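To start, the structure under review is shown below, and the notes come after it.
Since every read-out is calculated from the coordinates, none of them should be taken as a lab result. Since the structure is predicted, the reported quantities are computational estimates derived from the model, not experimental observations. Using ideal geometry, Cβ is built from the backbone for each residue, glycine included, and neighbour counts are taken over all protein chains shown.
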Amino acid sequence: MKMVLGLALGILAAIGGFVDIGELVFNIQAGASFRYSLLWAVVLGVIAIIVYAEMSGRVAAVSGRPVFDVVRMRMGLNVGLVTLAASLLINLITLAAEVGGAALVLQLLLNFKVGTMILLAAIALVLIVYFVPFDGIERIFGYMGCALLIFVVAAVHLKPDWHQVAQGLVPSWSGSWLYAYFAVGVIGSAIAPYEVYFYSSGAIEDRWTVKDLNFNRVNVTLGFVLGGILSAALIIVSAEVFAPLHISPGYLGTTALGAEQAYGAIGLLLALLGMLFAVGGAAVECAFSGAYSLAQFAGWEWGKYRRKRDAPRFTLTWLIFFALAFVIVETGVDPVQLTEYAVIFSAVALPLTYLPVLLIARDPTYMGEHVNGIVGNVLGWAFFVILLGVSLAAIPLMVITNGGAS
């Protein structure tokens with residue numbers, strides 16, 4: 001039972017990373033536009049995040065250093081400052097999108113004005129983060145977000161052509177810039193930098209040691225595979241429900257209609273509840289990731305496990321993040337567009353995030369006998385090349401396709 005409860009960190013990181021507001025709309029749009037042909041990008045993203053999350057968790061357990069500490073240590077002060085600035089900006093944009101997304105789901109559930117729901121969502125998230133211990137936060141958002149499994153059940157219920165689904169798992173090229181844009185977005189959202197910032201810091205919050213290395217492998221594998229299954233299910237449901245009708249689902253509420261198509265009102269309710277906790281979990285990850293990054297770079301005391309008076313600047317930082325996110329989303333900006341831009345901009349920062357992780361994980365000076373093996377190094381460098389390509393292609397594709405609009 002203890003191990004099952006402990007898996008919540010991986011589940012929260014996976015659901016909040018794979019299935020945030022941008023993913024809920026982005027993957028649905030990908031399925032509506034290209035049916036199953038982008039499923040391979042989900043698989044690629046899953047394997048990549050498993051490889052790097054395992055390294056980041058192992059580095060945290062062995063060295064006692066979270067990822068952003070590693071970035072500053074390996075890349076130097078100047079590069080570290082650039083990475084920090086980019087990380088803080090992307091986390092803030094994404095957090096604003098997630099708070100707005102939670103408000104939109106609450107509006108669909110409660111039928112109140114969206115402005116009221118934005119305030120309610122922000123207050124509820126702050127109160128949960130302030131009063132609930134770290135392991136409780138993991139379990140609330142991690143396990144309640146599993147209501148999204150209704151999309152997996154719906155994907156099977158809709159009886160897709162499984163031969164075509166299998167073909168979608170093989171990388172292909174349609175010759176379309178829009179297809180390339182969605183491929184970059186699916187991969188980029190699967191391996192967003194804030195995921196490993198949160199995961200590695202969470203490992204230290206949970207006081208992992210070398211005794212937890214096997215648990216780390218199980219955690220990242222089960223957690224992120226679950227996230228990948230949910231992500232693939234969204235594409236399949238969209239391919240079955242929206243593609244035949246030539247519908248471009250650009251609204252958050254449209255996403256839940258796929259589950260309603262399969263299971264009626266019960267499917268709709270479960271989908272909305274799962275979306276609420278997944279988006280809420282992503283908001284917590286973003287707020288904590290920003291606070292972790294700044295505190296670790298500045299050398300402050302940090303950690304949810306510490307009393308508020310023992311880490312006051314860390315606590316103040318995540319509170320400020322929530323306040324700024326509330327102000328941004330109250331301007332009326334579209335949370336879905338915010339997240340899609342955040343995904344593309346975070347893709348640009350991928351090399352700066354994952355190169356230090358790889359360098360530390362393969363360095364026997366820091367890792368001793370727990371250094372990367374041959375397989376880990378080969379996979380790490382192979383995926384780094386892929387991520388470098390994703391980083392270089394992200395902004396040009398966003399410009400060419402007008403943010404996925406054409």
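Fewest first, what order do Val241, Val165, Val156 take by the number of other Cβ atoms within 10 Å? Don't skip to the end; give the middle numbers.
Values: Val241 23, Val165 17, Val156 13.
Exposure proxy ranking, most exposed first: Val156, Val165, Val241.
Take every Cα pair under 8 Å in region 2-400 that's 6+ residues apart, average their separations, divide by the length, and report that relative contact order as a whole percent.
Numbers: 671 pairs, mean separation 152.4, N = 399.
About 38 percent, as a whole number.
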Separation between the Val375 and Val156 pseudo-spin-labels, each 7 Å from Cα along Cα→Cβ, expressed in nm? 2.8 nm
Cross-link reach list, aspartates and glutamates versus Lys159, counting only Cα pairs under 18 Å and skipping chain neighbours closer than eight places: Glu240, Glu260
If one builds a Gaussian network model of the chain from Cα atoms under 10 Å apart, the most fluctuating residue listed among Arg65, Arg362, Arg207 is Arg207
Helix-only estimate, please: 222 nm mean residue ellipticity of the chain, summing -39500 (n - 2.57) across DSSP H runs of length 4 or more and dividing by its residues, to the nearest 500. -27000 deg cm²/dmol
Neighbour-count order for Ser172, Ser289, fewest beta carbons within 10 angstrom listed first: Ser172, Ser289
Quarter of the surface of the C-alpha convex hull for the chain, i.e. direction-averaged projected area in nm², equals 18.5 nm²
Karplus ³J(HN,Hα) for region 28-38 (6.51 cos²θ - 1.76 cosθ + 1.60, θ = phi - 60°; Hz, whole; x = Gly/Pro) runs 4, 5, 4, x, 5, 8, 10, 6, 8, 6, 10
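Extension gain Lys308-Val82, at 0.36 nm per residue separation less the Cα-Cα distance, in nm? Spell out each step's value before the answer.
On the way: separation 226, 0.36 × 226 = 81.36 nm, distance 2.87 nm.
My answer for the length gained is 78.5 nm.
For His163, His370, what's the fewest-to-most ordering of other Cβ within 10 Å of each Cβ?
Starting with the residue having the fewest Cβ neighbours, the order is His163, His370.
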